[in-house]
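Any read-out appearing in this document is the output of simple, stated calculations on the displayed coordinates, not a laboratory observation. All values derive from a computational prediction rather than experimental measurement. Backbone-built Cβ (ideal geometry, glycine too); neighbour counts: all protein chains shown.
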Amino acid sequence: MEHWKRTIERANRCFMAGELVDAREAYLQALALAQVLFERWADADEAVAACVISHHNLADLHLRLNQPEESAEYLCAIHQRLLQTLQDPRLNPRLREAALRQSSKTYVELLNFISDHGEYPRTHRLLGDAAPQSPSSHYGAH
């Protein structure tokens, strides 16, 4: 956990300084750590939070780079990962419960993203008719 925290902090410093290439590299490293340790972290809530934070930070970075479709990919990836975790009976119940708690947050983030930036193919596939229709929808425009 400490290595992940230091990596995220370094990425955040780069992001705030406008060093977006370095920030992306550090965020990707943090994401890799969070994914590798997801099922092994002692604290299930921390494991899920690290994965969510890593994905959402990358989504924010891609918005800053004017790449909303890439941002949508990261938001969808973590929401889908949490939904899969919920349905996997072989996983620790604490991890599944943490995924349930965080999935409501990732769902809201996706809805906010769609409201602000329109739909993209992956958001449409993941949420289907649950997503609000945006008049400036990007779906089908690509």
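List of remarks:
- Derived scalar couplings between HN and Hα for segment 24-39 equal 4, 4, 5, 5, 5, 5, 4, 4, 4, 4, 4, 6, 5, 8, 3, 8 Hz in order, rounded to whole Hz, by the Karplus curve 6.51 cos²θ - 1.76 cosθ + 1.60 (θ = phi - 60°), x for Gly and Pro.
- Value of D in µm² per second that Stokes-Einstein yields for the chain, Kirkwood Rh from Cα pairs, at 20 °C (1.002 mPa s): 138
- Mean Cβ count within 10 Å, highest first, over the residues of peptides 80-93, 111-124: 111-124, 80-93
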